[in-house]
1. If you take the residues of region 37-60 that are at pLDDT below 80 and under 17 Å from residue 22 (Cβ atoms), which of them is surrounded by the most Cβ atoms within 10 Å (Cβ to Cβ)?
2. Looking at region 5-12, is at least one residue under 13 Å from the mean Cα position of the chain (by Cα), modelled with pLDDT under 95 and surrounded by 11 or more Cβ atoms within 10 Å (Cβ to Cβ)?
3. Could you say which residue among 48, 35, 14 is part of a strand (DSSP E or B) and out of contact with any helix residue (DSSP H, G or I) (no Cβ under 6 Å at 6 or more places or on another chain)?
4. Quick one: is residue 2 over 16 Å from the mean Cα position of the chain (by Cα) and surrounded by 11 or more Cβ atoms within 10 Å (Cβ to Cβ)?
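The values are calculated or read from the model by the stated rules, or taken from the named source; none is laboratory data. None of these values were measured; they are calculated from a predicted model. Cβ sites come from the backbone with ideal geometry, for glycine too, and all protein chains shown count toward neighbours.
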């Protein structure tokens with residue numbers, strides 16, 4: 001949905017810098033920020049990405065142990 005809002009210039013500069021650093025859009029940065037404050041997801045938030053070597057990555061906010069990986073593989 002497209003809409004127009006007025007941002008404080010400092011907020012605009014910060015959000016734009018974050019968008020450039022994360023290689024995403026200003027709209028995504030603002031939407032994510034708003035949702036994280038006013039509609040947080042239940043359970044851990046998973047962030048998807050790509051490593052410098054080009055492999056898919058995900059971040060659940062904590063390290064995953066070798067045992068957790070083995071338990072997951074054993075379930076399959």
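1. My answer is 45.
2. no
3. 48
4. So residue 2 fails the test.
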